[in-house]
Every structure is written in structure tokens, then in C-alpha cells.
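> First, the structure itself, so that you have it in front of you.
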Amino acid sequence: MSKICDSVQALILPILDKMNIELVEVEFKKRGENDGSLTIYIDKEGGVSLDDCEAVHNAIDAPLDELDPTDGKPYTLNVSSPGLDRPFKTLRDYKKHLGEDIEISLYKPVEGVKKFEAKLEEVDDGFDHVKVSYKGKTIQLNIKEIALARAVIKF
């Protein structure tokens, strides 16, 4: 994580905790020499509404102005839900999808495959390993071996 993201995260975590909102990710992207985009991804039980995004934006706007994470360079502040198809980032993301089909991409093949769909069976509280069912087998994967994991969206 960048220095900007680290300082923003440290500032806003207590604010979001008081609002019972989970911080999923802080992302900063430069769009030019003197312009950037700071996006705060949030989640909560039952999902995030537009009103939630607005409330968080209002709650963190003044403290961010005081922090000045970009050292005076302008940026656009965005607060957003991470979306249904977002990659899993946290232990909570994995636990929320226990018993469901997930899409997994690995850094190197396991059982002869690098990308596959499997049922998420277990995630340890230490957030070191997950167990998935794939083609009738239970496979244990180290979290560090997973390049991407996300929910399979079915319509």
C-alpha cells in the first residue's frame, strides 16, 4: 500500500468503526501530474446504499482536508461499494462466501490448474489457508498462493 493509502486508512478506520461500516480498501490513482483519485471502498451487513456512501463521504471529508494526504495536490474523493464481482481482500470476504462457489486464480498450478471454480468450504481464522471442493476433492490452498478469488455471479 502507498504512503497516501496508509495514512488515509489510519485516519478513517476509527470513523468507519463508529459508523459500523467496514473499510474494504483505500485506492489512490494519479490521473495526471497534479490530479488524483482517492477511492474508499466500504461494505456493511446487508450491503451499501447510496446514502451510506454519502454519509461516509461527509464524515471523512473534513478530516481528510486536515490530513492533506497528497501534500496540497488536488484529488477527487470517491466513496463506493466494492461491487458483487470484486476480488476478495479480507478474512470477512472469504467467510461471507463460505459454502458458495468462487472463482480462483492461482500464481502456480495446483492439481494441474491455475484458474477454476470451486466451492469454498473453510477458511481458518488465522487467514493462512482455505479449503475448497474441486471435482470431488478437498484442496487446501495457502492464501499467499491465491492471485484472485471472487464470488461466482449466477443469474
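> So, of the residues in the range 105-136 that are among the aromatic types (Phe, Trp, Tyr) and closer than 19 Å to ARG86 by Cα, which turns out to be surrounded by the most Cβ atoms within 10 Å (Cβ to Cβ)?
Going residue by residue through the range 105-136, those that are among the aromatic types (Phe, Trp, Tyr) are 107, 116, 127, 134.
Narrowing further to those that are closer than 19 Å to ARG86 by Cα: 107, 116, 127.
Working: TYR107: 11, PHE116: 18, PHE127: 13.
Only one residue tops the list, namely PHE116.
> Among (1) over 16 Å from ILE15 (Cα atoms); (2) of a type in the set (S, T, N, Q); (3) modelled with pLDDT of 95 or more, there is one condition ASN58 misses while meeting the rest; what is its number?
(1)
> Oh, and also: Are any residues in the range 114-155 out of contact with any strand residue (DSSP E or B) (no Cβ under 8 Å at 6 or more places or on another chain) and of a type in the set (A, V, I, L, M, F, W, C), and if so, which ones?
Answer for the range 114-155, where residues must be out of contact with any strand residue (DSSP E or B) (no Cβ under 8 Å at 6 or more places or on another chain) and of a type in the set (A, V, I, L, M, F, W, C): PHE127, ILE153, PHE155.
> Does LEU120 satisfy being among the aliphatic types (A, V, I, L, M), part of a strand (DSSP E or B), over 25 Å from LEU23 (Cβ atoms) and in contact (Cβ under 8 Å) with a residue 24 or more places away in the chain? Show your work before the answer.
Details: among the aliphatic types (A, V, I, L, M): yes; part of a strand (DSSP E or B): yes; over 25 Å from LEU23 (Cβ atoms): no; in contact (Cβ under 8 Å) with a residue 24 or more places away in the chain: yes.
Answer is no for this residue.
> In the range 137-155, which residues are open to solvent by 70 Å² or more (accessible area, probe 1.4 Å) and under 11 Å from ALA118 (Cβ atoms)?
LYS137, THR138
The values are calculated or read from the model by the stated rules, or taken from the named source; none is laboratory data. Quick caveat: nothing in here was measured; it's all calculated off a predicted structure. Quick reminder, even Gly has a Cβ in these numbers, built from the backbone with ideal geometry, and neighbours come from all protein chains shown. In case anyone asks, the SASA skips ligands and DNA or RNA and just uses the protein heavy atoms, side chains included. Shrake-Rupley method; radii C 1.70, N 1.55, O 1.52, S 1.80 Å.
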